[in-house]
Amino acid sequence: MRRMKNRIFDLEVQSTMSDALSPKARRMLVELLGKRDAMFWPWRCSTQQRHLEPMPAIYERQRNYLDRSIGSPIKADGRGSWKVAAATRLELIGSKMVEAISSSGQVTSLLITPLGEAIARALVGPRLRSLNDVSILWVRLQRLAAERSPVSESRLFGQALFGDPADWEHWFEAVLPMLTSGAARATSDTQGRIYLGLTATPPPEHVDVEVECNPDADGWYLQAFEQERIFLDSLESGSEIFIPLPASGV
């Protein structure tokens with residue numbers, strides 16, 4: 001009975017926290033999720049389809065996010081927009097939806113918390129899988145990785161995948177929480193096929209929230225995701241070189 005009362009209390013607190021967020025804070029939270037997800041969504045590095053130069057910089061950003069040294073920056077144009085963005089950042093920080101990364105007393109970037117991610121996912125709605133949906137695929141990835149690692153997307157999904165990756169790309173929704181938590185890492189071969197390897201990091205725990213879907217949030221998420229992908233694809237690698245897996249796999 002005590003456990004049930006605690007659970008009901010937690011759900012009431014989480015629902016109240018979500019309802020108390022301003023519309024701008026809800027949008028910023030969803031956009032932060034979109035930007036973070038865009039960074040970790042598997043990158044297909046076919047030598048025929050995509051230039052490989054940005055990958056060292058993208059992997060560095062992933063490492064920085066996972067070690068919590070650099071988060072997602074929030075920028076605003078104009079003095080008025082900057083003030084609004086700063087106030088919204090403080091609102092999200094105060095509500096424990098994000099953690100701030102600061103330099104010289106100034107907030108430079110934000111890390112979305114497990115609670116913030118759960119609420120943002122609920123706001124977006126059906127597009128994003130619940131972390132509960134990840135468990136079956138996680139067990140399968142562990143078993144396959146024990147046999148041979150890294151694991152190709154064809155082995156993971158149990159399908160002979162040929163043709164346009166857009167036909168099965170959405171299956172990676174259930175893989176994304178493993179990547180954003182650092183429990184798994186994705187790389188590509190020269191033909192643009194994705195391979196996944198495990199790390200020592202455990203997968204994320206599910207956070208229950210009672211939050212209604214916002215019909216506008218899916219658009220916020222997609223816009224932030226797509227804009228971030230374009231930005232990341234334009235990065236320069238510096239002196240590093242990314243070498244994809246050979247076309248024959250591993």
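The fewest-to-most ranking of 26, 185 by surrounding Cβ atoms within 10 Å reads 185, 26.
All C-alpha to C-alpha distances of segment 2-233, sorted into 10 Å bins beginning at zero, yield P(r) values of 7, 30, 35, 20, 7, 1 percent in whole numbers.
Label separation (residue 199 vs residue 230): 2.9 nm, computed from points 7 Å beyond Cα along the C-beta direction.
Each value in this text was obtained by applying a stated rule to the coordinates, not by laboratory testing. On a predicted model such as this, the values are computed, not experimentally measured, just so you know. Positions of Cβ are backbone-derived with ideal geometry, glycine not excepted, and every protein chain shown enters the neighbour counts.
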